[in-house]
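Written out below as structure tokens is the structure these notes cover.
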Amino acid sequence: MKKYLIFVLILQIGFVKLSAQELINPSLVGRDSLRNGNYLTPLNLLRQDEKKYLQSKWGWLYRQYIATMYSYVGQYDLALQYFDNFYDEDSSLSAVDTVAFEPVDAETYIMDALDTVQALFINESHHMQQHRILTLNLLKKLKEKGFSYFAAEAIFQADSLLQKRGYPIRGVSGEYLNEPILANMVREAIRLGFTIVAYDEAVSSASEREKKQAENMYNKIFKNDPKAKVIVHAGYAHIYEKEQKRKYMAQHFLEITGINPLTVNQTEMHEQYNRSKEKSYYRFFSDSYTFDKPMIFVSKKSNKVWVSPDMESYYDLEIFLPRTQYKDGRPQWLKYDRLKSVEISIPNKESLVYPILLQVFDASEDVLATPIDQILIENAQKRILVFTPGKNAKIRIIDSNGKRIIL
């Protein structure tokens, strides 16, 4: 069971140097460097003071934020490792009659369920890049199905030029849009012709925030377009249709719009760094079935979708994500249609100060655009697998001394 569901909203941006006397909020470390595309500086500053942070009042936030930073630089395994502390071990022996269920491709099931649906809500854990692939892969099919609005919690309302520009800008478009896969999701939505909707808002309480999110979606979409169809990519419990600690965004949305969203949960049935902290149901299903893409399990007898028994009234669909398989150090689920995988040779590797960051940009975009792909490389190696937009690719290396090489 999760100990915390934590959300960090960056309200201040500034360059901060750590002093020996006082540690500051880890999410404010090296912000100017991050905006300038150098993700290494804040990461290296945080890592050099890790022991101090973990023993300080900032320990819990340090774990969350460095996990998020590792997701930004393609270190999926390290992101899982640092976030493990927020989960309890699940020692229960939950079992399901495997003969009674069959795995169904999640994309196919969702698309088949949308004939009478106006709103599709899919959630994510903010440190898990894998939680963004399902929504990204659904976008083209959703557009063909008549969905015309794309709303995401991660988008800052202050970025009024995002739709026209066509891509996120670091430090402007949204904190989590510093991560390439989420940025590519927004790029793809704009390319396909979706109207982009930023609906999150900084308010005085968590309960008020839930209601404000739903109100903003109504005012920006359904007030003037009552028959609109929207895909919403949100975080954690915002998609819950039943009150738990508070009334959530999905509940307010139904009350305000009269529209019952199809709610899809990804934040329970997935791998953890430590298997003992995985949901026991996830261990059981993933050990009983082999699957390499998001799946839903359906009863052969009743056609009812399996949802964790303690969460059946909270959301409609439970997604099971595959265990990560790696090729050349990169997760296999990173692949999607718009990008090409390419092996890159690293030049002058002996002269670089490691760790280094290898970044892929679209040369047609502004220099402040979020990378298309990037990977933190800890030690010298000859080649690395990256994902590029093809002929417009610009590839850059930054080392730990700030040296930059354009390939």
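Rule-based calculations on the coordinates, nothing more; no lab input. Predicted model only: the values in this text are computed from it and were never measured. In this analysis, Cβ positions are derived from the backbone assuming ideal geometry, glycine residues included, and neighbour counts consider all displayed protein chains.
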Express in nm, to one decimal, how much length is gained between LYS391 and ASP88 on full extension, taking 0.36 nm for each residue of separation and deducting their alpha carbon distance.
-> 104.4 nm
With each label point set 7 Å from Cα along the Cα-Cβ vector, what nm distance links ARG338 and SER207?
-> 4.0
Using per-residue counts of other Cβ atoms within 10 Å, averaged over each peptide, order 236-246, 36-46, 71-81, 327-337 from highest down.
-> 71-81, 36-46, 236-246, 327-337
Residues of type lysines that LYS223 reaches as a straight line, Cα spacing below 24 Å, ignoring anything fewer than 8 places off in the same chain = LYS143, LYS145, LYS164, LYS211, LYS212, LYS247
Summing -39500 (n - 2.57) over the DSSP H runs of n ≥ 4 in the chain and dividing by its residue number, what mean residue ellipticity at 222 nm do you reach, to the nearest 500 deg cm²/dmol?
-> -7500 deg cm²/dmol
Cα shape, the range 342-407, gyration tensor, a/c 1.5 rule = prolate
Computed FRET efficiency, Cβ-Cβ of GLU378 and MET311, R0 35 Å: what is it to the nearest 0.05?
-> 0.40
Highest to lowest packing among 117-127, 366-376, 155-165, scored as the average C-beta count within 10 Å | 117-127, 366-376, 155-165
From the Cα gyration tensor of the range 250-407, with a ≥ b ≥ c the square roots of its eigenvalues, which class applies: rounded if a/c is under 1.5, or else prolate if a/b is larger than b/c, or else oblate?
-> prolate
Which shape class, rounded, prolate or oblate, goes with the chain when its Cα gyration tensor gives a ≥ b ≥ c as root eigenvalues, a/c under 1.5 marks rounded, and past that a/b bigger than b/c marks prolate?
-> rounded
Where both partners of a DSSP beta bridge lie in the chain, what percent of those bridges are antiparallel, to the nearest 5?
-> 60
What FRET efficiency, computed as 1/(1 + (r/R0)^6) with R0 = 51 Å and r the Cβ-Cβ distance, is obtained for ARG165 and ASP97, rounded to the nearest 0.05?
-> 0.50
Quick one: work out the % antiparallel among DSSP beta bridges in the range 98-318, nearest 5.
-> 25
Please report how far the C-alpha centroid of the range 304-349 lies from that of the range 358-399, rounded to the nearest whole angstrom.
-> 20
Measuring from its Cα centre, the chain shows a charge dipole (+1 at each Lys and Arg Cβ, -1 at each Asp and Glu Cβ) which, in debye to the nearest 20, is 1000
So which GluC sites (Glu not before Pro) in the range 248-348 pass both tests, a DSSP loop state and at most 16 other Cβ atoms within 10 Å of the Cβ?
-> GLU312
Put a dot 7 Å past each Cα toward the Cβ at GLU22 and ASP77; how far apart are the dots in nm?
-> 3.9
Rounded to one decimal in nm, the spacing of the 7 Å Cα→Cβ label points at ASP32 and VAL367 is 1.6
